[in-house]
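> Dropping the structure in here first, questions after.
Values in this text are rule-based calculations from the coordinates and carry no lab data. Owing to the predicted nature of the structure, the values given are computational and were not obtained by experimental measurement. Heads up, the Cβs are rebuilt from the backbone with ideal geometry, glycines too, and the neighbour counts pull from every protein chain shown.
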Amino acid sequence: MVDVLIIGSGGAGLSAALAAKQAGASVVVAGKSYPTNSQTSMAQGGINAALGNATCDDIALHIADTLKSGHGLGSEVMVERMCNDALRTIAWLDSIGVPFSRLDNNKTGTKSIAQRQMGGARAKRACYAQDYTGLKILHTLYDTSLKEEIDFLDEYYLLNLVTKEGMVKGATFLQMRTGEVIQIDAKSVIIATGGYGSIYHGFTTNAYGATGDGIAAALRAGGSISDMEFIQFHPTALKHSGILISESARGEGGYLVNSDGERFIDELKPRDEVARAIFIQLQEGKEVFLDVRHLGTEKLMELLPQEMALCKLHEQVDPATELIPIKPVAHYTMGGIDVDTALEVNGIKGCFAVGECSNAKVHGANRLGGNSLLEITAFGKFAGENAAKYALNADSKTAQTAQLEKDKRFIQGIYERENVLNFYTYREELGRRFYQDVGIIRHNASLSRILDAAVAMQTALCKMGIEDKSRTHNTNLTDFLEFSNALLLAPAIISSAIARDESRGAHFKEGFEAENDEKFKKHIVIQWNKEATV
């Protein structure tokens, strides 16, 4: 039995693994993909810390900006913990070799870490590595994990948590290479499986696999989920592909212009405001562009080389000489597994959740740009430490195999099921309908219609199956499991949006355009087979 089982091998999972290993725990990291393929690599712009290297800044200002961005739903306790730990987190990342960009501003020859401004921040606070920040952090964490001889189980798809009397005892997985269903026993578990942004299939910056697998598993096991209605739309994705163009492009001085050549919004306002402004321009029949031509080729290649390459590859435009056509798409999910101040899942003892799958109440109704990388590293270490402490006194008796046998029958049933309806068609429809009806501007009537459609899809799921009956490397099977999890979460997202008759942060509803603190300065919490509570 392992001390700490970490499910998910992105930045949050790797940070947790290193902290748990340092605390003396035995650690296993299981992920459905490979660590360097995680969503962390998509966080291009930077990681926040009030270092004050570029402009005057302090921790109190970082806390204030984060709480303001969250529109009253951020926990002061958790926000203060994260922001206070930011300087130590950057120092730790620097010490293990993250190649941050540097400022040549010291006569002694030392170069402090460069920082840029992100939307909603009142200072240049985001430490960056060109526009590859998340990728560089991810690779460095993985390299360090290999040096520490942490055990990795790649291509292990999470099926369910194993629990006994409200305590976690491990988890079951589909071993994707062999098709075998297995159980891993553990004294404690950390869920670090990412968000649910790819429910907006075709209209998101997220990879296809961001389907909320860990959130769905926690919900089935008796955990609570909360704030599922808050989905952040990134203002600048490439028009035709949905590929992310980092906020760093605006932080370095890029403009937003419409097809009439007009700048229509302060580019460094919070993401919810900028995304809505762009969406309104598009509704009025205008095109919207990101303009960085005035920055010049040399500066663009120094600071934004990835954005340059992406624009040339996916839009066939050269940002140094041409406008970049953009649109807002789903980017980040603020809701997730409801956790306490120790990041322990409410409803499941010994189970912790961290990163985008976790609602630690630091982002509230709208995440501040640059805080996602900070959360996964600072809170990743915190979760690892807490899980290791829990494991010290946890019962080492292994769990029964009832869940394992149930999941074996479930997988076998999918193979034997007649494939009457093509779930890929429904996945496309769900993504399109979510972008249209659970998008940047919402309406109760359309929310009610898509809720009916999602419930109908759930009912039809028993008629959906897989064409590929092979046991090894069956991506048709894992696609089906991911769609099933997304479909499980869909009504929770929609119902929460219907219940919140106000506009707050990323949730904007016509007819209820103002914030209503009296009724809705609260979290909407959902449990399995129970009504939502506010």
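> With an 8 Å cut-off on Cα pairs and a minimum separation of 6 or more residues, tell me the relative contact order of segment 235-329 in percent.
Rounded, it is 39 percent for segment 235-329.
> If one computes the Cα centroid of segment 480-534 and of segment 191-269, what distance in Å separates the two points?
Cα centres, segment 480-534 to segment 191-269: 17 Å.
> Here is the link list: LYS32/LYS463; LYS164/LYS381; LYS111/LYS381; LYS389/LYS469; LYS21/LYS269; LYS361/LYS406. Which ones come out longer than 32 Å on Cα distance?
Pairs exceeding the cut-off: LYS389/LYS469; LYS21/LYS269; LYS361/LYS406.
> Can you give the extra length, in nm with one decimal, that the chain gains between ARG102 and ASN37 once fully stretched, where that is 0.36 nm per residue apart less the Cα-Cα distance? Each step should come with its number before you reach the end.
Details: separation 65, 0.36 × 65 = 23.40 nm, distance 2.63 nm.
Roughly 20.8 nm would be gained on extension.
> Just to confirm the filter: which GluC sites (Glu not before Pro) across segment 150-235 are DSSP coil and have at most 10 other Cβ within 10 angstrom of their Cβ?
Hits after loop and neighbour filter: GLU165.
> Answer with one residue from ASN53, ALA388, ILE245: the one whose Cα lies farthest towards the positive end of the charge dipole of the chain, charges on Cβ with Lys, Arg +1 and Asp, Glu -1.
Result: ALA388.
> Choose one of SER503, GLN412, VAL455: the residue whose Cα lies farthest towards the positive end of the charge dipole of segment 402-527 (beta-carbon charges +1 Lys, Arg; -1 Asp, Glu; about the Cα centre).
It is GLN412.
> Moving on. Would you grab the residues whose amide H sits under 5 Å from the one on LEU368? Only those 5+ places off in sequence or on another chain, please, with H modelled 1.01 Å from N.
When sequence neighbours closer than 5 places are left aside, there are no close amide H contacts.
> Additional query: Extension gain SER259-ARG177, at 0.36 nm per residue separation less the Cα-Cα distance, in nm? Mind showing how you got there, number by number?
Details: separation 82, 0.36 × 82 = 29.52 nm, distance 4.94 nm.
Gain on stretching SER259 to ARG177: 24.6 nm.
> Per residue, how big is the convex hull of the chain when only Cα atoms are used? Give it in Å³.
143 Å³
> Now for a different question. Which residue, chosen from VAL288, LEU174, ALA210, occupies the Cα position most advanced towards the positive end of the dipole of the chain, where the dipole is computed from +1 (Lys, Arg) and -1 (Asp, Glu) charges on Cβ about the Cα centre?
Going by the Cα projections, it comes out as LEU174.
> Relative to the Cα centre, what is the charge dipole magnitude of the chain, using +1 at the beta carbon of each Lys and Arg, -1 at the beta carbon of each Asp and Glu, and rounding to the nearest 20 debye?
Working: 55 positive and 66 negative charges, 123 e Å.
So the dipole magnitude of the chain works out to roughly 600 debye.
> Now a separate question. Report, in cubic angstrom per residue, the convex hull volume of the C-alpha atoms of segment 152-237.
122 Å³
> Next question, about the same structure. Among the GluC sites (Glu not before Pro) within segment 274-306, which fall in a DSSP loop and have no more than 11 other Cβ atoms within 10 Å of their own Cβ?
The qualifying sites are GLU284.
> Starting from segment 378-451, pick out the GluC sites (Glu not before Pro) whose DSSP state is loop and whose Cβ has at most 11 other Cβ atoms within 10 Å. Mind dumping the intermediate values first?
Numbers: sites: GLU385, GLU405, GLU416, GLU418, GLU428, GLU429; in loops: GLU418.
For GluC sites (Glu not before Pro) across segment 378-451 that sit outside H, G, I, E and B with at most 11 neighbouring Cβ atoms in 10 Å, the list reads GLU418.
> Which whole-number percent gives the relative contact order of the chain, counting Cα pairs below 8 Å spaced six or more residues apart?
On the way: 1261 pairs, mean separation 116.3, N = 534.
Computed value for the chain: 22 percent relative contact order.
> Starting with the highest mean, order 268-275, 48-55 by the number of other Cβ atoms within 10 Å, averaged over the residues of each peptide. Show your work: numbers first, answer last.
Working: 268-275: 22.4, 48-55: 20.9.
The densest-packed peptide leads the list: 268-275, 48-55.
> With charges only on Cβ, +1 for K and R and -1 for D and E, what is the dipole size of segment 402-527 about its Cα centre, in debye, rounded to 20?
Working: 18 positive and 19 negative charges, 51 e Å.
Around 240 debye, computed over segment 402-527.
> Same structure, new question: Counting only DSSP beta bridges with both residues in the chain, tell me the antiparallel percent, nearest 5.
65 percent
> Next question, about the same structure. What whole number of Å gives the distance from the Cα centroid of segment 127-155 to the Cα centroid of segment 8-42?
Segment 8-42 and segment 127-155 have Cα centres separated by 9 Å.
> What are the residues whose amide H is under 5 Å from the amide H of LYS164, where those residues sit 5 or more places off or on another chain and H is modelled from the backbone?
Excluding prolines and chain starts, which carry no amide H, the hits are LYS169.
> Assign unit charges at the C-beta atoms only (+1 for Lys and Arg, -1 for Asp and Glu), then state the dipole size of segment 235-329 relative to its Cα centre in Debye, rounded to the nearest 20.
Here segment 235-329 has a charge dipole of around 200 debye.
> Stretch GLU513-HIS443 to full length: gain in nm at 0.36 nm per residue minus the Cα-Cα span?
Details: separation 70, 0.36 × 70 = 25.20 nm, distance 1.08 nm.
My answer for the length gained is 24.1 nm.
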